[in-house]
1. At a probe size of 1.4 Å, how large is the accessible area of TRP39, to the nearest 10 Å²?
2. Name all residues of the stretch 184-200 having a backbone nitrogen under 16 Å from the label point set 7 Å from the Cα of ILE148 along its Cα→Cβ direction, giving them as ranges.
3. For a quick check of understanding: with a 1.4 angstrom probe and all protein chains in place, what accessible area in square angstrom does THR170 have, to the nearest ten?
4. So which aspartates and glutamates pass the test for LYS173, namely a Cα distance under 19 Å, with those fewer than 8 places away in the same chain ruled out?
5. Highest GNM mean-square fluctuation, the chain, Cα pairs closer than 10 Å: which of VAL18, VAL107, VAL165?
6. What is the Rg over Rh value, at two decimals, for the stretch 91-149, using alpha-carbon atoms and the Kirkwood definition of Rh?
7. Specify the residue with the greatest mean-square fluctuation among ALA49, ALA99, ALA164, computed from a Gaussian network of the chain linking alpha-carbon atoms under 10 Å apart.
8. For the chain, what relative contact order do you get, as a whole percent, if you take Cα pairs closer than 8 Å and at least 6 residues apart?
Amino acid sequence: MVHGSCSGFKAHVAQRTVKTLLPDFTHKRVLDLGCGYGWHCKYASASGASYVLGTDISHKMLERAEKINAGSGIEYRCIAMEDLRFPDETFDVVLSSLAFHYVRDFVPLVHNISRWIKHGGEFVFSVEHPVFTSYGTQDWYYDEDGEILHFPVDHYYDEGKREAVFLGETVVKYHRTLTTYLNTVLQNEFEIRHIVEPQPPDSMLGLPGMQDEMRRPMMLLVSAIKSITP
């Protein structure tokens with residue numbers, strides 16, 4: 001499966017590439033949606049954030065986060081991001097790393113995020129790239145000898161539910177086009193600052209399977225700022 005060959009690349013993007021897009025956290029109130037083990041929560045806190053809330057639907061991940069990424073001003077909450085409710089302009093920064101493709105209704109979520117962020121605040125997120133999610137299986141096509149032929153891209157404009165197998169379990173994700181991701185951000189008072197389609201750095205190209213990661217994008221990173229004035 002593609003997941004096994006590129007786990008190092010995913011970790012590189014999650015822990016290093018995303019950080020190049022993150023804002024100054026000094027004295028900021030931060031929301032991390034789908035925080036997992038809390039790495040970005042701890043990073044924001046260590047970088048001067050005054051308060052960090054990490055949310056996730058996995059009790060096990062949050063239990064681990066509270067052990068390995070606890071810190072002053074960090075709170076973890078087990079709840080689906082679609083169920084969150086906050087007063088307008090509660091946060092200075094909203095983050096999400098590789099979580100939005102598990103959300104069925106992206107448009108209302110971004111509408112909520114826009115309300116929660118203060119004017120001039122920042123929104124940074126990463127998702128699996130629409131090229132990567134379009135077909136659903138997220139695996140290569142192989143020849144009879146098991147050699148990679150190509151990566152399937154099909155039903156690109158047919159947004160909605162996809163199923164992939166990861167570690168023997170069926171995982172449900174939601175495909176949407178690049179247009180939907182970017183226009184949804186733009187239509188909710190945000191100005192896009194950066195769009196990144198990460199590729200493996202030269203230092204990783206010698207690792208098994210990494211040359212194949214140059215054949216199609218796997219992730220999309222977006223950073224945006226909410227308009228300064230209402």
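1. 140
2. Counting backbone N atoms under 16 Å from the label point, the list is 198-200.
3. About 90 Å², rounded to the nearest 10.
4. Hits, sequence-local ones excluded: ASP56, GLU82, ASP83, ASP105, GLU128, ASP139, ASP154, ASP158, GLU159, GLU163.
5. VAL165
6. We get a ratio of 1.22 for the stretch 91-149.
7. ALA164
8. 20
The values are calculated or read from the model by the stated rules, or taken from the named source; none is laboratory data. Not measured: the values here are computed from a predicted model. Glycine also receives a Cβ, built like all others from the backbone with ideal geometry; neighbour counts cover every protein chain displayed. To get the accessible areas, we keep the full protein, side chains included, count just its heavy atoms, and leave off ligands, DNA and RNA. Shrake-Rupley method; radii C 1.70, N 1.55, O 1.52, S 1.80 Å.
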